[in-house]
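The values are calculated or read from the model by the stated rules, or taken from the named source; none is laboratory data. Because the structure is predicted, anything quoted here is derived from the model rather than measured. Here the Cβ positions follow ideal geometry from the backbone for every residue, glycine too, while neighbour counts run over all protein chains shown. We work out accessible area using only protein heavy atoms, side chains counted, and drop any ligands, DNA or RNA first. Shrake-Rupley method; radii C 1.70, N 1.55, O 1.52, S 1.80 Å.
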Amino acid sequence: MNRFPLPIQNNPLQTRDDLRRAFLQLTAPLQPYYSSGSARLMLGSTGTSYSGEVAGMEGFSRVLWGLVPLIAGGGDSPLWDTYMTGIANGTNPAHEEYWGAAGDYDQRSVEMAAFGLALSLIPEKLAGGLGQEGMERLAAWLAPINDHKLWDCNWLLFRVLVQMGFRKAGLPYDQELTASTLDEMERFYLGEGWYSDGIGGHSDYYVPFAIHYYGLLYAALMEDTDPDRARLYRERASLFAGQFIHWFADDGAALPYGRSLAYRFSQAAFWSALVFAGVEEPFSMGVMKGIILRHMRWWFAQPVFTPDGILTIGYAYPNLVMAENYNSPGSPYWAMKTFLLLALPEEHPFWTAEELPLPKLKRQFVQEPAHIVLYRQAEAPHVVAFNSGHPSSNEHTHTSAKYEKFAYSTCFGFSVPRAEWGLSQGAYDSMLALSEGDNLYRVKRRCEEISVRDGLVFARWKPWADVEVCTWIIPGVPWHVRIHRVAAGRALDGAEGGFALGIEGAGSGGVRPDSPQVAGNGLPAPVLQVQQQGHAVRAAYGRAASGVKLLYGEGQAELVNAQANTNVIVNRTVIPTVRVRFPAGAVTWLATAVYGEAFNGAASAGQWDLAPQVQAVNGELLVHLPGADSPEPALRLKLDSRLI
């Protein structure tokens, strides 16, 4: 139980003053951790792919994403003098805390974007704090980003933000370079408001909190010189808003999916940028206000802080297991991007708008550019994304877990492996894991073929050269159906995992340790309830239940106790799993019904007894869904036994 809540956890987050206070509450604990020359923020000793000195500079710069809007909106912070001293020393080659010159593909180029924002929003304030010599050194430190190589993805926009800052501050500005860089970004546009993060890249949170975010900054600040692009970026952002709203549950939680989840409430930064750029379509100011504020409240109710109030690496709790190689102790403060709202003047309609709930959204929503189908549970705040997977992969940490699972849930999150030996270490929720009998498992990492059409998700993937798996998913909540056709040139053990269910207080179905559902407040703690019936297993705890049923094929259902800290939302989980065997030189069909239900109160029987059904009739597999309007099967597949 959280006996001594941090100040931020008692902030109602309703007014402009509340948001200003929230920034101060988040940054007050940081003050003892600035270096003696104030140019680095040193919050821990965990490492990254870049040096500790650069990581300290990263922590320093990320706070600027909130500090700059606060100052631009007329606010004040005890950190201002620290930042003037830190910038002066960090850009001074003669000082011991000099940040160093950036090279090709350098993390310092990432952090330069925040200084571009500062030059754009508060050039006079910056010049007053640094003086002419300090401004010249800052410009000299930033300028090399024009010449250095950047990764061919959202990184290109860091150069644009620096150039934008130069122009707004009256410094030498390369308009031709800015235009050509923005032209390069057009290669990533997919339509319907969606981008990929690079050619063939994923469509994840880097679309809203990076590409659209920077585009909206550009639209708001460069409209006078580039009105056509400003209009285009607003139009695309408006299109994307109609898509992205489906990633949010009614309680403020956003969909855990993809990499860089340690940036936490930056998941709502897009909506702040939308408001900042004056885009009020397709949603009203009150709806956007509700999305942002509920999201921040959700985050500040999670155990994501150290006892002294420092944001940790992790998602819904401190967790290095799921972290990327570029997550330093200061990295999570990219979440400050959501505080762009603080730059809005007091009379802005955002501050007076009534906070509104989400509008009525479709229960099923297909997003073909992102390869997903989103499904909303009507009875509880729960969103699930059903995912085909992707034709390409990358070397980021746990790529398979973050991009290739069959389903991602705001209630159950997803799990990452601690190792590939055994089901407990692998934590294979929402995946089909395959092993050659040696307890070392492979999962889908990239796909040979994918489609998302008419609400049906399909993927063809090859975990070995002589093993081909075709997977069909019929989305739904609380039930969805998975069918696999496994053509195996070798004998394989298989494990089909359902949703990971939290069995600890923190995060279990959205339950926190100090909630009315957990012991410590005079009420009994939840008890893990398990129903096991050979081909089916269901577990319930707190406000959620998870289960699987074998519908076609030979196998056994069981509950796998995943190793601690594998799930991004809950630190201890169990995973309902069907164990199967695929013989060599044969085609085997497997059909499972996967159950994941959230509850507004304590877990109940829910809809567990309303499972889908599968029949094999005349060489075809017929899938019937409960409550269907038509007696016709939802899916009909020919039971092909030909080896490919």
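Taking the Cα-to-Cβ direction at residue 353 and at residue 132 and moving 7 Å from each Cα, how far apart do the two end points lie in nm?
Calculated label separation equals 4.4 nm.
Could you work out how far the C-alpha centroid of region 262-334 sits from that of region 45-74, in angstrom?
When both Cα centres are located, 15 Å separates them.
How large is the charge dipole for the chain, taken about the Cα centre, if only the Cβ atoms of Lys, Arg (+1) and Asp, Glu (-1) carry charge, to the nearest 20 debye?
Numbers: 51 positive and 64 negative charges, 306 e Å.
Dipole of the chain, to the nearest 20 debye: 1480 debye.
State the answer as a single residue: which of 261, 243, 287 lies farthest towards the positive end of the charge dipole of region 235-294, with beta carbon charges of +1 for Lys and Arg and -1 for Asp and Glu, about the Cα centre.
Positive-most Cα among the choices belongs to 261.
Work out, step by step, the length gained on full extension between residue 225 and residue 462: first 0.36 nm times the residue separation, then minus their alpha carbon distance; give nm to one decimal.
Values: separation 237, 0.36 × 237 = 85.32 nm, distance 5.03 nm.
Value of the extension gain: 80.3 nm.
Whole-Hz ³J(HN,Hα) for each residue in region 425-432, computed from phi via Karplus 6.51 cos²θ - 1.76 cosθ + 1.60 with θ = phi - 60°, x for glycine and proline: what do you get?
In residue order, the calculated couplings are 6, x, 6, 8, 6, 6, 8, 9 Hz.
Write out the trypsin sites (Lys or Arg not before Pro) in region 127-169 meeting two conditions: DSSP loop, and at most 14 other Cβ atoms within 10 Å of their Cβ.
Working: sites: 137, 149, 159, 167, 168; in loops: 149.
Those that pass, being in a loop and sparsely packed, are 149.
Of the options 203, 426, 610, report the single residue whose Cα projects farthest towards the positive end of the charge dipole of the chain (beta-carbon charges: Lys, Arg +1; Asp, Glu -1).
Value: 610.
In region 373-505, carbon and sulfur make up what percent of the accessible area (probe 1.4 Å)? Kindly include the intermediate steps, with their values, before the conclusion.
Numbers: 1690 of 3670 Å².
Ligands and nucleic acids excluded, carbon and sulfur reach 46 percent.
From the helices alone, meaning DSSP H stretches of at least four residues, give me the mean residue ellipticity at 222 nm for the chain, per-run term -39500 (n - 2.57), in deg cm²/dmol to the nearest 500. Walk me through the intermediate numbers first.
Numbers: 14 runs with 168 residues, N = 644.
Using -39500 (n - 2.57) per qualifying helix, the result is -8000 deg cm²/dmol.
Is there a quick way to get the dipole size of region 28-160? I mean about its Cα centre, with the Cβ of Lys and Arg at +1 and of Asp and Glu at -1; what is the value in debye to the nearest 20?
200 debye
Rank 23, 461, 536 by how far each Cα sits towards the positive end of the charge dipole of the chain (+1 on Lys, Arg Cβ; -1 on Asp, Glu Cβ) and give me just the farthest.
536
For residue 493, what charge total do you get from the other residues with a beta carbon under 15 Å from its beta carbon, if Lys and Arg give +1 and Asp and Glu give -1? Provide the component values of the computation, followed by the final result.
On the way: positive: 442, 490, 579, 581; negative: 420, 436, 438, 496, 554, 558.
Net local charge, residue 493 excluded: -2.
As a test of reading the structure, rank 124, 395 by solvent-accessible area (1.4 Å probe, protein chains only), most first.
Values: 124 140, 395 180 Å².
Ranked list, largest accessible area first: 395, 124.
Excluding residue 193 itself, calculate the net charge of residues whose Cβ lies under 15 Å from the Cβ of residue 193, where each Lys or Arg counts +1 and each Asp or Glu counts -1. Display every interim value, and only then the final one.
Numbers: positive: 231, 234, 236; negative: 186, 192, 197, 204, 235, 281, 368.
Every neighbour counted, the sum reads -4.
Tell me the accessible surface of residue 480 in square angstrom (1.4 angstrom probe, heavy atoms of protein chains only), to the nearest ten.
Approximately 0 Å² of residue 480 is accessible to the 1.4 Å probe.
Under a plain spin-label model, where a point goes 7 Å from the Cα along Cα-to-Cβ, how far apart in nm are residue 124 and residue 632?
6.8 nm
How large is the accessible surface of residue 460 in square angstrom, using a 1.4 angstrom probe and rounding to the nearest 10?
It works out to around 60 Å².
Would you mind telling me the share, in percent, of accessible area of region 300-353 contributed by carbon and sulfur at probe 1.4 angstrom?
The computed percentage sits at 63.
Set the Förster distance to 51 Å, then compute FRET efficiency between residue 445 and residue 28 from the Cβ-Cβ distance, nearest 0.05. The partial results should precede the final answer.
Details: r = 43 Å, r/R0 = 0.85.
Step by step, r from the Cβ atoms, then E = 0.75.
Each label point is 7 Å from the Cα along the Cα-to-Cβ direction; what then is the distance between the points at residue 146 and residue 368, in nm?
Reported label-point gap for residue 146 and residue 368 is 4.3 nm.
Given H placed on each backbone N at 1.01 Å, which residues far from residue 225 in sequence or on other chains put an amide H within less than 5 Å of it?
So residue 225 has HN proximity to no qualifying residue.
Under a Cβ-Cβ cut-off of 13 Å, what is the net charge of the residues other than residue 56 that fall near it, where Lys and Arg count +1 and Asp and Glu count -1? Intermediate results must be reported in sequence, preceding the final value.
Numbers: positive: 40, 62, 108; negative: 53, 58, 96, 97, 111.
Around residue 56, the surrounding residues sum to -2.
In whole percent, and with a 1.4 Å probe on the protein chains, what portion of the accessible area of region 1-113 is carbon and sulfur?
Working: 2140 of 4470 Å².
Here carbon and sulfur together make up 48 percent of the probe-accessible area.
May I ask you to rank 629, 224, 493, 18 by accessible area, largest first, using a 1.4 Å probe over the protein chains only? Before the final figure, lay out each step's value.
Working: 629 160, 224 110, 493 45, 18 10 Å².
Per-residue accessible area, sorted high to low, gives 629, 224, 493, 18.
Can you bin region 413-473 into rounded, prolate or oblate? Criterion: square roots of the alpha carbon gyration tensor eigenvalues sorted a ≥ b ≥ c, rounded for a/c under 1.5, prolate for a/b above b/c, oblate for the rest. Let's see the in-between values first.
Numbers: a/c = 2.95, a/b = 1.51, b/c = 1.96.
In terms of gyration-tensor shape, oblate.
Heavy-atom accessible area of residue 80 with all protein chains present, probe 1.4 Å, nearest 10 Å²?
So the heavy atoms of residue 80 present about 30 Å² to solvent.
Residue 561 to residue 96: extension gain in nm, 0.36 nm per residue of separation minus the Cα-Cα distance?
Full-extension gain reported as 162.4 nm.
List, in order, the whole-Hz ³J(HN,Hα) value for each residue of region 555-562 obtained from phi through the Karplus relation with A = 6.51, B = -1.76, C = 1.60 and θ = phi - 60°; use x for Gly and Pro.
x, 9, 8, 8, 10, 8, 8, 5
What do you reckon, how do 186, 96 stack up by accessible area (1.4 Å probe), largest on top? If you can, show how the numbers build up before the last one.
Details: 186 65, 96 155 Å².
Sorted descending by solvent-accessible area, the residues read 96, 186.
So, for region 384-513, what is the accessible surface per residue at a probe of 1.4 Å, expressed in square angstrom?
I get 27 Å² per residue for this part.
Suppose all protein chains stay in the model; what accessible area per residue would a 1.4 Å probe give for region 144-224, in Å²?
Value for region 144-224: 35 Å² per residue.
Using modelled backbone amide H atoms (1.01 Å from N, in-plane), which distant-in-sequence or interchain residues come within less than 5 Å of residue 429's amide H?
Under 5 Å from the amide H of residue 429 lie the amide H atoms of 415, each far enough along the sequence or on another chain.
Exceeding 32 Å between C-alpha atoms, which entries from my cross-link table qualify? They are 337/549; 405/638; 362/405. Could the numbers behind the result be given before it?
Numbers: 337/549 43 Å; 405/638 25 Å; 362/405 23 Å.
Result: 337/549 exceed 32 Å.
Largest first and to the nearest Å, give the Cα extent of the chain along each principal axis.
Principal axes ranked by extent give 81, 57, 45 Å for the Cα atoms.
If one takes the longest principal axis of the Cα atoms in the chain, at what angle in degrees, from 0 to 90 and to the nearest 10, does the Cα axis of helix 52-72 lie?
70 degrees
Once you sort the root eigenvalues of the Cα gyration tensor of region 71-114 as a ≥ b ≥ c, which label holds: rounded (a/c under 1.5), prolate (a/b larger than b/c) or oblate (the other case)?
On the way: a/c = 4.03, a/b = 1.53, b/c = 2.63.
Taking the square roots of the gyration eigenvalues as a ≥ b ≥ c, region 71-114 is oblate.
With charges set only on the Cβ (+1 for Lys and Arg, -1 for Asp and Glu), what does the dipole of region 580-644 come to about its Cα centre, in debye to the nearest 20? Could the numbers behind the result be given before it?
Numbers: 4 positive and 6 negative charges, 73 e Å.
Dipole of region 580-644, to the nearest 20 debye: 360 debye.
Name the residues of region 275-297 whose amide N is less than 19 Å from a point 7 angstrom out from the Cα of residue 361 along the C-beta direction?
Zone members listed by number: 275, 280-297.
Using R₀ = 51 Å, calculate the FRET efficiency as 1/(1 + (r/R₀)^6) where r is the Cβ-Cβ separation of residue 620 and residue 284; round to 0.05. Could the numbers behind the result be given before it?
Details: r = 49 Å, r/R0 = 0.95.
Once rounded, the FRET efficiency stands at 0.55.
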